[in-house]
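Below is one structure, written out as structure tokens; comments come after it.
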Amino acid sequence: MKLIFLQEPELQFGQDRHIDIRFGITNYKPLDYKDALAPKAIPLGIVGTENNISEFRAWLDVCAQGIEAKTSDQPNLFPRFPGFGSDRPFDSKFLYDSRIERQISTRDLPKSVDAKGYNAFITELADSYITEIQASSERGASVVVCALPMEALNLIDPDDPESEDEDAAETMAQDFHDLLKARAMQIQTVKPIQLVLPMTYLENVRRKQRRKKKSTRKLQDAATRAWNFHTALYYKAGGAPWRLIREESDLTCCFIGVSFYKTLDGSMVFTSSAQVFNERGQGIIVRGSPARIAKDDRNIHMTGEGAYKLIIDSLAAYRSEHRTEPARVVIHKTSGFDQEELDGFVKGIKERNIELYDLLNLSRSYTRLFRIGLYPPLRGTALLFDGDKSTIYTRGAVEFFQTYPGMYVPRAINVEAVESDRSSTALITEILSLTKMNWNNTQFDNSMPITVQAARKVGRILKYLGPNDKANPLYSFYM
């Protein structure tokens, strides 16, 4: 057993490298700022009540001029937002037009919703938005923002459907965000959508709690909210804010995340898409086949045929997007591999004449390290065990932030290299870099790599699709 520390990986921006996303964009512009197809002007569709649209537009105008940093002893954790416009670091601006701003009414909303009628209410609310999203998209919007009124938000279950520890978690109450995105992508003309809540653009507003449950989620400071919102919209409009560092000698690589989800009625378990990424972070969704819960280890596994088909479809999608095969394939799976799955994956990879591949199992670790002082272990602290197993802290105290930016004791990730010729150090260094590829969060210390995060996010939306429904191949429609 060996204890090591990995330095914070850098990211590539337009003019230089930096370890931090917000400082990187502020100082060096987005990665694609010189590209002819970079989104220099983004026609922004907005769907909401008349008041929602007006208040949201006013907030965007404030953001365009920049938002000062939160007063803090950790200035690197809470930097100012530099603004959004052609003369600002993003080198991009929003275009507004009444034709792509679509109003909805709250007049017909019920006073309350009981459990029996909840799913019908959520579906009806989603359909009312989709009608206007389609109209906005067809009139020229590149991205459509859905401003949910507080009257509707207070009727929606506030519990967060996301669970980092449960891949096949089941909930009887439908989630508005996931249902809306699933139903919207069935319409070919609809563009990527972004939900925005009143708490994002209005000060001192809070939603009502439908359940007697104490909320632990703290509202982000104003500059951080602006950073996360504008970065996500830039990506959804076709932009590339940053990418992994890639040296000239590095081989092209296809990263695939495999996770699982239950159908809405809980009757079947499906592979939650192969989330295919390259170093630039461009994601392609490949829908998986039914999976099974094994009797011996009680883990979720694909059949050998399902694993083979998944890797073949994933590599075909990669080739279609990039016009070439990757030199190397990396698979991150959130449950263990059985021999049937291994055989299926390896068969598909070798049929494409790809010699380099790494098949990794990623799971939450119960191993804890203790550090002298007030803070937990540093992000990047890792234990290398004998064989092909290691444990890494992807969350922890961050030297650049001069603090631990979390509320709870961080948990490390176990990494098992089931099939690989690379060293454990190289594999976990790559995983640490991939935790910084989340376009929804500009604070770089995410706990899981984007391969796993995205596969789980996609799975929560795919469960609302029927077997014959269309699954959009672009990740921007799921985030």
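Tabulated results
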read-out: Matching option when the condition is under 23 Å from N414 (Cα atoms), open to solvent by 10 Å² or more (accessible area, probe 1.4 Å), modelled with pLDDT under 95 and in contact with a Leu (Cβ under 9 Å, 6 or more places away or on another chain), among L369, L383, L356; value: L369
read-out: Test: residue in the stretch 294-307 that is β-branched (V, I, T), more than 30 Å from F90 (Cβ to Cβ) and modelled with pLDDT of 85 or more; value: yes
read-out: Test for A397: is it of a type in the set (A, V, I, L, M, F, W, C) and either touching a residue at least 40 places away in the same chain (Cβ under 8 Å) or open to solvent by 20 Å² or more (accessible area, probe 1.4 Å) (or both); value: no
read-out: Count of residues meeting criterion [of a type in the set (D, E), closer than 21 Å to L31 by Cβ and open to solvent by 10 Å² or more (accessible area, probe 1.4 Å)] in the stretch 428-479; value: 1
read-out: Cβ-Cβ under 7 Å pairs, at least 6 apart or on other chains, the stretch 299-315 side in contact (Cβ under 8 Å) with a residue 40 or more places away in the chain, far side among the β-branched types (V, I, T) and assigned to a helix (DSSP H, G or I); value: I311/I349
read-out: Search result, residues across the stretch 47-88 that are open to solvent by 60 Å² or more (accessible area, probe 1.4 Å), in contact (Cβ under 8 Å) with a residue 12 or more places away in the chain and within 13 Å of A226 (Cβ to Cβ); value: Q65, E68, K70, R80
read-out: Counted residues, the stretch 1-24 - those being surrounded by 15 or more Cβ atoms within 10 Å (Cβ to Cβ) and modelled with pLDDT under 95; value: 0
read-out: Leading residue by the ranking (most open to solvent (accessible area, probe 1.4 Å)) among those in the stretch 283-298 that are in contact (Cβ under 8 Å) with a residue 40 or more places away in the chain and more than 30 Å from W242 (Cβ to Cβ); value: D297
read-out: Residue among P43, P30, P39 that is in contact (Cβ under 8 Å) with a residue 24 or more places away in the chain, under 25 Å from the mean Cα position of the chain (by Cα) and either exposed (fewer than 14 other Cβ atoms within 10 Å of the Cβ) or within 17 Å of L195 (Cα to Cα) (or both); value: P43
read-out: Residue within the stretch 268-285 that is in contact with a strand residue (DSSP E or B) (Cβ under 6 Å, 6 or more places away or on another chain) and modelled with pLDDT of 85 or more present; value: yes
read-out: Selection count, the stretch 454-479, where residues are among the polar types (S, T, N, Q) and within 24 Å of A237 (Cα to Cα); value: 2
read-out: Subset of the stretch 404-419 [β-branched (V, I, T) and open to solvent by 20 Å² or more (accessible area, probe 1.4 Å)]; value: V409, V418
read-out: The stretch 124-146, residues that are part of a loop (DSSP other than H, G, I, E, B) and within 24 Å of the chain's Cα centre (by Cα); value: A141, S142
read-out: Qualifying residue in the stretch 387-394 (condition: assigned to a loop (DSSP other than H, G, I, E, B), modelled with pLDDT of 90 or more, at negative phi and open to solvent by 10 Å² or more (accessible area, probe 1.4 Å)); value: yes
read-out: Selected residue (only one of D313, D250 is acidic (D, E), surrounded by fewer than 17 Cβ atoms within 10 Å (Cβ to Cβ) and more than 30 Å from L44 (Cα to Cα)); value: D250
read-out: Residue check, L264 modelled with pLDDT of 80 or more and either part of a helix (DSSP H, G or I) or open to solvent by less than 40 Å² (accessible area, probe 1.4 Å) (or both); value: no
read-out: Test: residue in the stretch 357-364 that is part of a loop (DSSP other than H, G, I, E, B) and among the acidic types (D, E); value: no
read-out: Extreme residue, most open to solvent (accessible area, probe 1.4 Å), among residues of the stretch 317-331 that are part of a loop (DSSP other than H, G, I, E, B) and in contact with a Ser or Thr (Cβ under 9 Å, 6 or more places away or on another chain); value: T324
read-out: All positions within the stretch 100-112 that are surrounded by fewer than 19 Cβ atoms within 10 Å (Cβ to Cβ) and either in contact (Cβ under 8 Å) with a residue 24 or more places away in the chain or farther than 12 Å from N154 by Cα (or both); value: Q103, S105, T106, R107, D108, L109, P110, S112
read-out: The stretch 419-473, subset more than 18 Å from A182 (Cβ to Cβ), over 20 Å from the mean Cα position of the chain (by Cα) and assigned to a loop (DSSP other than H, G, I, E, B), residue modelled with the lowest pLDDT; value: D421
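The values are calculated or read from the model by the stated rules, or taken from the named source; none is laboratory data. The structure presented is a predicted model; accordingly, all values stated were derived computationally and were not measured. Backbone-built Cβ (ideal geometry, glycine too); neighbour counts: all protein chains shown. Accessible surface is based on the protein model in full, side chains and every heavy atom, while ligands, DNA and RNA are left aside. Shrake-Rupley method; radii C 1.70, N 1.55, O 1.52, S 1.80 Å.
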